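So the structure is just underneath, and the comments pick up after that.
The values are calculated or read from the model by the stated rules, or taken from the named source; none is laboratory data. Note that the structure is a prediction, hence the values are computed from the model and not measured. Here the Cβ positions follow ideal geometry from the backbone for every residue, glycine too, while neighbour counts run over all protein chains shown. Side chains included, ligands, DNA and RNA excluded: accessible areas come from the protein's heavy atoms. Shrake-Rupley method; radii C 1.70, N 1.55, O 1.52, S 1.80 Å.
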Amino acid sequence: MPDSGTSQETLSLAETLKQRARDLGFDLVGIAPAVTPAGLPRLEDWIDAGRAGEMKYIPNRREAYTHPEYVLSEARSVIMLAMNYRTEEPLETKSVEMRISRYAWGAGDYHDLLRERLKQVAGLLHEIAPGCRTRCIVDTAPLLERDFARLAGLGWFGKNTMLLNKQIGSWFFLGAILTDVQLPPDAPHETAHCGTCTRCLDVCPTDAFPEAGVLDARRCISYLTIELRDRPIPLDLRTGMQNWGFGCDLCQDVCPWNSKAPISTEASFAPQSEMNPANATELLGLSEEQFRERFKKTPLARPGRAGILRNAAIVLGNSGDRSYLSSLYAAIHDEHPLVRGAAVWAISQLGSIDDREQLQSLQQVENNAEVLSEIQFAIDHLTQKAAPDADAD
């Protein structure tokens, strides 16, 4: 590790780095020591309870979360940075429209923007301390970013597990720079400021919070629409998705601290008109080539075409509007079984007993077991919906 010099020199170096970060558009910056994170026992309990769901990369890297040295050998300091992404408010949506989480409204992927800015901060450190080592991180490495952000003084953990800051709420991206230079740490944020408020817990339509400060990812709309790839969304959670097609902001929308957050001036975060909100029927008609062309450099690429079209079908199924049945019937012939199955379910939500015959015909030609299960559920559901009418006759 390079000699970082006297205490006064390291204080000056830390302030120089922080000022550079602020000049590059970061709203918050603090420094934490590279230590075993205090939240490690919570992570281990969370993994053991199975709450990571299909995110196997978390338990698979369990040991690496125990210390930053697994991410950068001989790490001494963790520089934590936050960038506000709050832009416009969500527009009023009609039933055909699909809500997209705010962080994905921009034209590009925030990972690319933050990583480029982090590298510029790290570059300055390399100029001042030649021979030092750094690693820039945006979500992708086994590092408990929120733990180190709290340790660096950036905020506290809300009851929805998000990091909260008095000035910018929770509408921000976190980035980290690990380095083998020992920098003077900032005071950790020791106090929570949520009081008795439980709005974030109460608003969740899928009951993803078994208790304050604990998120069961398997029930979270963001997990269901993004991380649960190549799998059908559990039947009992589909109606709770409401009109969310990518991510979910409900627990942040209701947080009083977020009402105080300033508006970001970062041009890359400015919302595209087709993302605030998106059109579910249009998305349901995208080919693989069209999907890649439109979303290949955006966060929506993560769940892939099948995942996004699955979500769009569920949004239409939750709309209560039978006029979307024609779009859903077109989707039951999609090349991907995930899309076909979601479209069948949506038809069962909007359709009537008259739709049962078409689904029975589809049952004769479908060869995917999961889609066949969806078809049988849809037939049974439509039959059950018609039963009160039959009794009335």
message = Can you give me the C-alpha center-to-center distance between region 1-64 and region 145-214, rounded to a whole angstrom?
response = 13
remark   = Given 238-244, 52-58, the highest-first ranking by average Cβ count within 10 Å works out to 238-244, 52-58
ask   = Can you give the Kirkwood hydrodynamic radius of region 37-155 from its Cα pairs, in Å with one decimal?
value = 17.1
key: Label corresponding to semi-axes √(5λ) of the Cα gyration tensor in Å when calculated from the structure given, among [x] 42, 21, 20; [y] 45, 20, 19; [z] 37, 27, 22   = [y]
note = Per residue, accessible area of the chain with a 1.4 Å probe, heavy atoms of protein chains only, in Å², comes to 45
Choice from L81, L13, L118 with maximal GNM fluctuation in the chain (Cα, 10 Å cutoff) = L13
ask   = With no solvent and one point on each alpha carbon, what is the Debye value of log10 I(q)/I(0) for region 30-85 at q = 0.23 Å⁻¹?
value = -0.96
task = List the cysteines in the chain whose Cβ has no other cysteine Cβ under 4.7 Å from it.
result = C132, C136, C194, C197, C204, C220, C248, C255
remark   = Share of accessible surface on carbon and sulfur in the chain, whole %, 1.4 Å probe and ligands ignored, is 48
request  = Just need the Rg to Rh number for region 121-226, please, alpha carbons only, Kirkwood Rh.
outcome  = 1.05
query = Quick one: Cα centre-to-centre distance for region 223-241 and region 342-369, in angstrom?
reply = 19
key: Highest average packing first - 119-125, 133-139, Cβ atoms within 10 Å   = 133-139, 119-125
remark   = Sparse-neighbourhood loop hits (trypsin sites (Lys or Arg not before Pro), region 173-231; DSSP loop; Cβ within 10 Å at most 16 others) -> R229
request  = Would you mind checking K56/K296; K159/K260; K166/K260 for any pair whose Cα atoms are more than 20 angstrom apart?
outcome  = K56/K296
ask   = Non-local amide H neighbours of G153 (under 5 Å, H modeled in plane, Pro and chain starts lacking H): which ones?
value = H189
inquiry  = Using the Kirkwood radius over C-alpha pairs as Rh, can you work out the diffusion coefficient of region 216-306 via Stokes-Einstein at 20 °C, viscosity 1.002 mPa s, in µm² per second?
reply    = 142
